[in-house]
Each structure stands twice: as structure tokens, then as C-alpha cells.
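**Q** Shown below is the structure under consideration.
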Amino acid sequence: MMLRVLTWNVHSCIGVDGQVNPDRVRGHIRAISPDIAALQEVDSRRDRRDGFDLLGDCLGKAMGNHRAEVRTIRTPDGDYGQMLLSRWPITDWREHDISYGAREPRSMIEATIESELGRINVLCLHLGLNRRERRQQALKIEALAAADNRPTVVMGDFNEPTGAGPVARLLARSFSSAGRRRTWPSARPLLPLDRIWFEPTLRLVRAGVHGDARRASDHLPLWADLRR
């Protein structure tokens with residue numbers, strides 16, 4: 001049995017053509033057909049969505065009814081955050097505040113999923129732009145993973161330009177990687193900002209980026225097939 005995971009910064013569903021098209025994003029998610037998907041920069045602010053709530057009305061139903069969402073920025077016009085989708089039941093989940101000082105608020109989703117590979121722990125995140133900020137956030141990831149003895153997958157937008165900075169060095173002590181694959185900017189990818197990490201109890205079968213989605217966001221979706 002295999003588990004397909006996906007991470008994608010959907011950039012408020014604003015494509016490189018400037019169009020806001022959540023149905024296009026949802027279509028690519030379905031084409032990749034992940035079992036678990038982590039989405040960053042999910043935006044429901046009405047000044048850009050005409051009242052359409054992306055967090056629940058469109059992307060939240062791309063894979064069924066199992067989801068967890070965090071709204072790190074709340075405004076009178078709507079919310080902005082990230083979402084975890086799953087084909088299988090999410091039996092428990094929580095939000096961890098990983099904000100750093102006065103910089104932009106950041107959150108991490110930690111979820112327990114009853115998958116066909118058994119019960120797994122999933123961490124979904126969007127790290128900060130500052131190097132010191134990212135290092136502190138990586139230490140929190142490492143501590144959470146160490147406190148749980150279930151197989152763990154960590155995925156999201158790590159904002160680490162080379163994919164081999166302090167965050168990668170810290171996570172490499174406990175996790176294996178699906179590789180540094182260029183995902184940004186989507187039109188001509190140069191930087192591996194998006195990463196998938198997993199504990200050695202899981203094994204990588206294959207991984208890749210979904211190039212067909214290059215017009216749907218400024219990031220390409222990154223996926224990986226894992227097995228035990």
C-alpha cells in the first residue's frame with residue numbers, strides 16, 4: 001500500500017495570469033489525486049473573493065469531507081491561512097502557534113490520520129521569511145515529532161531558498177526527504193521552497209512536481225508516494 005501526499009502554496013488561487021480561479025486549483029488537486037494534501041495561503045477575504053469562502057466552499061471539498069484549517073490572519077473581510085485535506089478520517093488535530101516576535105503570524109497544523117498505512121502524524125506548515133525565524137520554527141517541529149512515536153510526515157512551504165539551510169539541516173537529523181525539487185516561481189522554477197519530509201519508518205517510492213499547474217499559482221504542487 002502507498003500513501004500519496006501533496007503540498008501546495010495556492011497563492012490565494014491567483015494564477016500567473018492574474019486570474020482568481022479556485023476551481024482551477026481544485027481541478028489540479030483532483031488530477032494529482034493525493035490521499036493527504038497540505039495547502040498554504042488559502043484566502044477567503046471577500047475583497048478578493050466576492051464573499052466566496054475558499055476555506056470551506058471550494059478547496060475544502062476537493063477531496064471529500066475530512067479537513068482541518070487554521071486562520072492565521074482574520075479581518076472583517078475574511079480570513080487567510082492554511083488547510084489540511086485527507087481522504088481518511090482525521091481523528092484529532094490541533095493548531096500550534098509558531099509565530100516569531102512581531103513578524104507575520106504563523107501556524108502549524110498537527111493532525112492524526114487513520115490511513116491505510118495505519119495511524120500517522122502529519123505536520124503542515126508555512127514557515128517565515130527570516131532565517132532566524134525559520135530556525136526557531138524548525139526546532140518546534142523537531143520537538144513535536146520527537147514527542148510522538150507514530151510515523152510522521154512534515155510538509156509545507158519552508159521558504160528556504162536553497163532547500164539546504166538551517167531548517168533542512170535540523171530536520172535531516174530525524175527525517176528523510178522527498179528531495180529538493182524546484183517549485184517557485186511556477187512559470188520557471190528556480191527555488192525548492194516547498195518540501196516533504198518523513199520519518200525513516202516510511203519509504204519514498206517516487207516524488208515530483210505537477211507542471212500542468214504552473215498557471216494556477218506562483219508555486220508548483222509537490223507530491224510524494226510513501227510506503228511502509
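**Q** I need the peptides 81-90, 12-21, 110-119, 215-224 ranked by packing, meaning the mean over residues of other C-beta atoms within 10 angstrom, with the highest value on top.
**A** Packing proxy ranking, top to bottom: 215-224, 81-90, 110-119, 12-21.
**Q** With +1 assigned to the C-beta of every Lys and Arg and -1 to the C-beta of every Asp and Glu, and no other charges, what is the dipole magnitude of the chain about the Cα centre in debye, to the nearest 20?
**A** Dipole of the chain, to the nearest 20 debye: 760 debye.
**Q** Also, quick follow-up: Rounded to the nearest 0.05, what FRET efficiency do I73 and A143 have when you use their Cβ-Cβ distance and R0 = 25 Å?
**A** With a Förster radius of 25 Å, E is 0.50.
**Q** Find out how many positive minus negative residues lie around L170, taking Lys and Arg as positive, Asp and Glu as negative, among other residues whose Cβ is under 10 Å from that of L170.
**A** Neighbour charge sum, excluding L170 itself: +3.
**Q** Okay, moving on. Per DSSP H run of at least 4 residues, take -39500 (n - 2.57); add these up for the chain, divide by its residues and hand me the 222 nm value, nearest 500 deg cm²/dmol.
**A** Calculated at 222 nm, the ellipticity per residue is -4500 deg cm²/dmol.
**Q** While we're looking at this one, here's another question. For the pair R119/R215, report the inter-label distance in nm, with labels modelled 7 Å from Cα in the Cβ direction.
**A** About 4.5 nm separates the two model spin labels.
**Q** Still on this structure, please answer the following. Counting only protein chains, not ligands or nucleic acids, how are M108, M2 ordered by accessible area (probe 1.4 Å), most first?
**A** Sorted by accessible area, descending: M2, M108.
**Q** Still on this structure, I have one more. Got the relative contact order for the chain handy, in percent, Cα pairs under 8 Å and 6 or more residues apart?
**A** 23
**Q** Also: Give the long-range amide H neighbours of L226: residues separated by 5 or more places, or on another chain, with amide H under 5 Å away, using H modelled in the peptide plane at 1.01 Å from N.
**A** Under 5 Å from the amide H of L226: L3, R4, V5, V205.
**Q** A further question on this structure: At 0.36 nm per residue, minus the direct Cα-Cα distance, what do M2 and V16 gain on full extension? Give it in nm, one decimal, please.
**A** The span from M2 to V16 would gain 1.8 nm if fully extended.
**Q** Based on the Cβ-Cβ distance from R206 to E104, what FRET efficiency comes out when R0 is 41 Å, to the nearest 0.05?
**A** 0.75
**Q** Taking a ≥ b ≥ c as the square roots of the eigenvalues of the Cα gyration tensor of the range 73-127, is the shape rounded (a/c under 1.5), prolate (a/b larger than b/c) or oblate?
**A** prolate
**Q** May I pose another question? I'd like the FRET efficiency for L190 and E95, computed as 1/(1 + (r/R0)^6) with the beta carbon distance as r and R0 of 45 Å, rounded to 0.05.
**A** Rounded to the nearest 0.05, the efficiency is 0.90.
The values are calculated or read from the model by the stated rules, or taken from the named source; none is laboratory data. The model shown is predicted, which means the values in this text are computed figures rather than measured ones. In this analysis, Cβ positions are derived from the backbone assuming ideal geometry, glycine residues included, and neighbour counts consider all displayed protein chains. Calculation scope for accessible area: heavy atoms of the full protein, side chains included, ligands and nucleic acids excluded. Shrake-Rupley method; radii C 1.70, N 1.55, O 1.52, S 1.80 Å.
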